[in-house]
Amino acid sequence: MAGSAANPPRRVTLKDIAAAAGVGISTVSYALSGKGSVAPETRARIRDLAAQLGYRSRPRGRAGPPERDGVAPAGRTGAAPKPLRRVRGSRRWRVAVLFSGHGPEAIPGGLLAPLEAAVRAAEMELLLVGCPQLQQGGELPEVVEDGQVDGALLYGGLIDHDFAHRLARRVPTVLLGGYLPDEAVDSAWADNVHGLYLAVAHLAELGHRRIAFLNGPPTTFTSTEKGWGFDLACRRLGLPPAERRWREAAAFRLEEGYRLTRELLAEEEPPGAILAGHAALALGALLALKDAGLHVPGDVSLLGYHDDLTLASSVPPVTAVALPLAEVAQAAASLLASRLAGGRQRAIRALIPPQLVVRASTGPPRALSPVSEVASPPAPVPGSLGDGHQVQDPLDSHGELTQRFGQHGRAGEGP
């Protein structure tokens, strides 16, 4: 791949080698790093191709504080980037926040600001990196491959598992919203099972029996957890299966909430309450109910999940489950800092309880009186992490190894 002074040669990537060898990018990564189960003849062929193409692997290194623009300083045209070095006496690590969008707006504002603050408090530097291949699979970002970062925070409930596995083997990684049960990778997010229980219990306390749940795409892990929570809550609260309605949206979009609600209203016995698994779905449901001439909550109660300003400022304001994003940020930064410091091999899953914010969109159904008593969510077993957070018994209702941080049972809000 020749070039000139004006047009320097493009750096050979793992994708180039994978295309030449007819294998996947992960196979190339494992073959060149000496990790993973790659057949010896395949490993040798990939390494020969890499040498022929002029591939040069850049060593991993400890990264120093970022320059003013938050990127590694570049040398002269055509020259290799100047290596980052830790400043003498500095204890700072550089951490990349990887997200699937092309701008920081892909990260909820309620998460980004506390995440930046928590990372700074842990004496780390933050670098935001747009990473479309996070969902689709592909090469690791150059800042990771080139050793410009010491660790990574991976945001999103829909991630390519092979990408996440390779990232975690390259640098210490904490997942925000995702979860890899078969990998020693830390993760931090809201306890969606507990959050759905709060939502269903609130509607049941008001007397609702016919409850419809608008869940997000089944491909996202967060939607899967919400489904578990809805089913668990209905069973524990004694809501009969025949009264439940369950719909899955193709995307977290207002149009999907509108479409699914219109379908529910067309049924012979429409629901008396709708629980939407995302703010956008809740807003679509509210619009559909208004277009149908129905009053909220007089005719149908509406409850959203993942509270935000749009739900709080709608007419009527929508009751919602709020995610504790500031606490999630603190837990993620703490987990990553402990990984970077070394000495811990066991993965930790930090689950922080959401909070229910009751507003004007939920009320008793017309034909029923509120039930007298509803089972409460499982009580936490108090403990201490030594950092002010509370810890629940590590075995949750699904038998997975978790730690739940935060104080349970408070009123509050989240996305």
*asked:* What's the total number of residues in the range 91-150 that are in contact with a Phe, Trp or Tyr (Cβ under 9 Å, 6 or more places away or on another chain) and aromatic (Phe, Trp, Tyr)?
replied: 1
*asked:* Could you go through the range 331-345 and let me know if any residue there is modelled with pLDDT of 95 or more, outside any loop (DSSP other than H, G, I, E, B), of a type outside the set (Lys, Arg) and closer than 29 Å to Leu239 by Cα.
replied: no
*Any idea which of (1) over 24 Å from Asp150 (Cβ atoms); (2) out of contact with any helix residue (DSSP H, G or I) (no Cβ under 9 Å at 6 or more places or on another chain) is the one Ala341 doesn't satisfy?*
(1)
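The values are calculated or read from the model by the stated rules, or taken from the named source; none is laboratory data. Because the structure is a prediction, the values reported are computed rather than measured. Here Cβ is always computed from backbone atoms with ideal geometry, including for glycine, and neighbour counts include all displayed protein chains.
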